[in-house]
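**Q** My structure is below; once you've seen it, I'll send some questions.
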Amino acid sequence: MKFLVFTKYRCSYCDRAKALIQQKGYEYESINIEEDNNIDILLEKNKYARTMPQIFINDKLIGGYTDLVKYFEE
């Protein structure tokens, strides 16, 4: 599984999401939207993104942290 996590600085839910992915034994790619032009990358994938984190699994939007928790519970 390929995890992509869009994050920002000082985001506790972003940190929790990354920790949960690691706890489940997966690796992830993290892109901080506050660096360079990374916000443009996120908006290309999800133009309606308003909160962080934004989590994609195999290029499919899962949602945020609570959505990730639900994903792993299923």
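**Q** Considering the dipole of the chain built from charges on the beta carbon (Lys and Arg +1, Asp and Glu -1) around the Cα centre, which of 28, 72, 46 is farthest to its positive end?
**A** Among 28, 72, 46, the one farthest towards the positive end of the dipole of the chain is 72.
**Q** Then there's this: Between 61, 43, 20, find the one with the highest GNM mean-square fluctuation for the chain; connect C-alpha pairs within less than 10 Å.
**A** Of the options given, 43 has the highest mean-square fluctuation.
**Q** Please report the antiparallel percentage of DSSP beta bridges with both residues in the range 3-73, rounded to the nearest 5.
**A** Numbers: 7 of 12 bridges.
Of all bridge pairs located within the range 3-73, approximately 60 percent are antiparallel.
**Q** Here's another thing I want to ask about it. With labels modelled as points extended 7 Å from the Cα through the Cβ direction, what inter-label distance (nm, one decimal) is found for residue 23 paired with residue 66?
**A** Spacing of the two 7 Å Cα→Cβ label points: 1.8 nm.
**Q** Run the numbers on the chain and let me know its relative contact order in percent, using alpha-carbon pairs under 8 Å that are six or more apart. Can you show the working numbers first?
**A** Details: 101 pairs, mean separation 28.1, N = 74.
Once normalised by length, the contact order is 38 percent.
**Q** Now, a different point. Scan the range 1-47 for GluC sites (Glu not before Pro) in coil per DSSP, keeping those whose Cβ has at most 11 other Cβ atoms within 10 Å, and list them by number.
**A** Sites meeting the loop and neighbour criteria: 27, 35.
**Q** Further question on the same structure: Net charge near residue 8: determine it from the other residues with C-beta under 14 Å of the C-beta of residue 8, scoring Lys and Arg +1 and Asp and Glu -1. Numbers along the way, then the final one.
**A** Numbers: positive: 10, 16, 18, 50; negative: 15, 34, 35, 36.
Its environment carries a net charge of 0.
**Q** Here's something else I'd like to know. When the chain is fully extended, how far beyond the present Cα-Cα distance does residue 59 get from residue 15, taking 0.36 nm per residue of separation? Intermediate results must be reported in sequence, preceding the final value.
**A** Details: separation 44, 0.36 × 44 = 15.84 nm, distance 2.02 nm.
Residue separation times 0.36 nm, minus the Cα-Cα distance, leaves 13.8 nm.
**Q** List 6, 56, 72 from most exposed to least, where exposure is judged by having the fewest other Cβ atoms within 10 Å.
**A** Numbers: 6 24, 56 20, 72 11.
Taking fewest neighbouring Cβ atoms as first place, the list is 72, 56, 6.
**Q** Might you report the magnitude of the Cβ-based charge dipole of the chain about its Cα centre, with Lys and Arg at +1 and Asp and Glu at -1, to the nearest 20 debye? Walk me through the intermediate numbers first.
**A** Values: 11 positive and 12 negative charges, 48 e Å.
Result for the chain is approximately 240 debye, rounded to the nearest 20.
**Q** I'm spelling it out carefully: the read-out is P(r) over Cα pairs in 5 Å bins from 0, in percent, the candidates are (i) 3, 17, 31, 28, 14, 5, 1, 0; (ii) 3, 16, 28, 29, 17, 6, 1; (iii) 3, 15, 17, 14, 12, 10, 8, 7, 5, 4, 2, 1, 1, 0, and one was derived from this structure. Which label?
**A** Checked against the structure: label (i).
**Q** Given only helices, namely DSSP H runs of n ≥ 4 each adding -39500 (n - 2.57), what is the per-residue ellipticity at 222 nm of the chain, to the nearest 500 deg cm²/dmol?
**A** Details: 3 runs with 29 residues, N = 74.
Dividing the helical sum by the residues of the chain leaves -11500 deg cm²/dmol.
**Q** Another question, if that's okay. Going down the table (24/70; 8/45; 2/45; 45/70; 8/70; 18/70), which pairs top 18 Å between alpha carbons?
**A** Numbers: 24/70 13 Å; 8/45 16 Å; 2/45 15 Å; 45/70 21 Å; 8/70 22 Å; 18/70 15 Å.
Among 24/70; 8/45; 2/45; 45/70; 8/70; 18/70, the Cα-Cα distance tops 18 Å for 45/70; 8/70.
All of the numbers you see were taken from the coordinates with simple rules; none came from a lab. None of the values given here were measured: they were computed from a predicted structure. All Cβ positions, glycine included, derive from the backbone under ideal geometry; neighbour counts span all protein chains shown.
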